[in-house]
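Working notes for the structure below.
The values are calculated or read from the model by the stated rules, or taken from the named source; none is laboratory data. Quantities reported herein were computed from a predicted structural model and do not represent experimental measurements. As a convention, Cβ positions derive from the backbone with ideal geometry for all residues, glycine included, and neighbour counts pool all protein chains shown.
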Amino acid sequence: MATKAAYNLLGGSVEFDISFAGVHTGVNANIYTISPSIGSGGFSQNNYCDGAKTGSGWCLEVDWIESNGNCGGASTLHTVPGPGSVGCTQWGCQKEYMYNGTPTFHMKITYNTDGTWNTFRDGRDIGALRPAPRAQDISILKQAYQSKGGVIYSSQWTGWVPVSRCGTSGDLHSSYFEVKNLVITGQVVQGPQPTRC
């Protein structure tokens, strides 16, 4: 699932209800933004890029949440192509957390105009990313959202999961998750204007 439009979320927010109750551990269920170049017709799968790719397939990726089944998840920022420990690389600046038996919750992600962002799960800030994003990482996020916006993307797959202590293999085909009540506060940078509620 993806939005057709790409949004500048600086000074805005996104919030939604999400349930990972039907996801098996070892399955990565997620919702995040990527910043591809898209035409006025909107995002299509041909435009896909992300922070784990290199070359022309790379773009800014802001993982609001990647879930390891119904056990735990992580929020991650990817601003630098390739692996490495300097900046928010393919490995990311990340914060992991456990669900402690409650895999259904409300999330709100708020962005300041300078590019810094905070993630709240059921009203509680998840805490700081590690390693801490550098000023350059925040600047990359800010510039990408201003020039290309962020396409909101959601998928479910296997091959890598955060919070590996939850388990690293699972049944993808019988897993499912729900995202409801998505509210976007931002400006369309690319793609069509969505229908307003």
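Considering only residues that are surrounded by fewer than 16 Cβ atoms within 10 Å (Cβ to Cβ) and either in a strand (DSSP E or B) or small (Gly, Ala, Ser) (or both), which ones fall in the stretch 91-101? If you could, list the steps in order and put the result at the bottom.
Of all residues in the stretch 91-101, those surrounded by fewer than 16 Cβ atoms within 10 Å (Cβ to Cβ) come to 98, 100-101.
Passing the criteria: Met98, Gly101.
Determine the pairs where a residue that is more than 20 Å from Val23 (Cα to Cα) and touching a residue at least 40 places away in the same chain (Cβ under 8 Å), located within the stretch 86-101, has a partner that is surrounded by 17 or more Cβ atoms within 10 Å (Cβ to Cβ) and among the charged types (D, E, K, R) with Cβ atoms under 9 Å apart, the partner being 6 or more residues away or on another chain.
Short answer, once both residue conditions are applied: Gly87/Asp137; Cys88/Asp137; Gly92/Glu61; Gly92/Asp63; Cys93/Asp137; Gln94/Asp63.
Taking strands (runs of 3 or more DSSP E) that do not extend beyond the stretch 110-197, which have at least 1 residues that are under 22 Å from Gly11 (Cβ atoms) and in contact with a Cys (Cβ under 9 Å, 6 or more places away or on another chain)?
On the way: elements: 117-121, 150-157, 178-190.
Once the strands (runs of 3 or more DSSP E) in the stretch 110-197 are filtered for at least 1 residues that are under 22 Å from Gly11 (Cβ atoms) and in contact with a Cys (Cβ under 9 Å, 6 or more places away or on another chain), what remains is 178-190.
If we keep just the residues of the stretch 117-167 that are among the small types (Gly, Ala, Ser) and buried (at least 20 other Cβ atoms within 10 Å of the Cβ), which is nearest to Thr25 (Cα to Cα)? It would help to see each step written out before you state the result.
We begin by selecting, within the stretch 117-167, every residue among the small types (Gly, Ala, Ser); these are 123, 127-128, 132, 135, 139, 144, 147, 149-150, 154-155, 159, 164, 167.
When the remaining residues are screened for being buried (at least 20 other Cβ atoms within 10 Å of the Cβ), the result is 144, 149-150.
Details: Ala144: 33, Gly149: 32, Gly150: 28 Å.
Checked the stretch 117-167; the qualifying residue nearest to Thr25 (Cα to Cα) is Gly150.
Output the residue which, of all residues in the stretch 1-52 that are polar (S, T, N, Q) and not in a strand (DSSP E or B), is surrounded by the most Cβ atoms within 10 Å (Cβ to Cβ).
Here the residue is Ser35.
Kindly indicate whether any position in the stretch 58-70 is closer than 19 Å to Trp160 by Cβ, part of a strand (DSSP E or B) and aliphatic (A, V, I, L, M).
yes
Condition first: modelled with pLDDT of 95 or more and either of a type in the set (S, T, N, Q) or in contact with a helix residue (DSSP H, G or I) (Cβ under 7 Å, 6 or more places away or on another chain) (or both). Now tell me which residues in the stretch 71-86 satisfy that.
Cys71, Gly72, Ser75, Thr76, Leu77, Thr79 - these are the residues of the stretch 71-86 that are modelled with pLDDT of 95 or more and either of a type in the set (S, T, N, Q) or in contact with a helix residue (DSSP H, G or I) (Cβ under 7 Å, 6 or more places away or on another chain) (or both).
Restricting to the stretch 59-90, what's the tally of residues that are over 24 Å from Glu15 (Cβ atoms) and either crowded, with 18+ Cβ neighbours inside 10 Å or acidic (Asp, Glu) (or both)? It would help to see each step written out before you state the result.
Taking the stretch 59-90 and keeping what is over 24 Å from Glu15 (Cβ atoms), we get 80-87, 89-90.
Applying the additional criterion that residues be either crowded, with 18+ Cβ neighbours inside 10 Å or acidic (Asp, Glu) (or both) yields 80, 87, 89.
Qualifying residue count for the region: 3.
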